[in-house]
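See structure below.
The values are calculated or read from the model by the stated rules, or taken from the named source; none is laboratory data. The structure displayed is predicted, hence computed values, not measured ones. Quick reminder, even Gly has a Cβ in these numbers, built from the backbone with ideal geometry, and neighbours come from all protein chains shown. Heads up: the accessible areas ignore ligands, DNA and RNA and are worked out on the full protein's heavy atoms, side chains in. Shrake-Rupley method; radii C 1.70, N 1.55, O 1.52, S 1.80 Å.
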Amino acid sequence: MKDSDSPVRSAALLGLAFDAQDGQTRITRGKNFFLVGGSQETHCLMQETAIKINEHLERRGKRLEDVSIRELREICAEVRRQIEGD
């Protein structure tokens with residue numbers, strides 16, 4: 001199989017939250033994430049998490065589709081510690 005025939009890898013983060021009680025529908029899209037729902041606080045937390053995950057990936061010189069599940073878990077744990085420490 002030629003390189004041009006190999007499938008293009010892609011990946012995205014999906015965030016769903018169901019705690020909104022104000023009737024608002026919140027949607028945020030980024031280059032590799034899609035966030036839907038949640039209260040204002042929850043949605044902001046999802047946004048911050050997605051942005052920080054991308055910052056970690058950039059510092060490592062990687063794209064979401066290039067990291068293993070294990071590495072993504074490590075990044076998520078770092079981000080969680082970072083956010084909880086704020």
Exercise. Restricting attention to segment 19-86, which trypsin sites (Lys or Arg not before Pro) occupy a DSSP loop and are surrounded by at most 16 other Cβ atoms within 10 Å?
Worked result: LYS31, LYS62, ARG63
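Take every DSSP beta bridge whose two residues both sit in segment 1-50, then give the antiparallel share in percent to the nearest 5.
If I count the DSSP bridges inside segment 1-50, around 45 percent turn out antiparallel.
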Problem set entry | Whole-percent carbon and sulfur share, accessible surface of the chain, 1.4 Å | 50 percent
Exercise. Using alpha carbons only, what's the Rg to Rh ratio of the chain with Rh from Kirkwood?
Worked result: 1.06
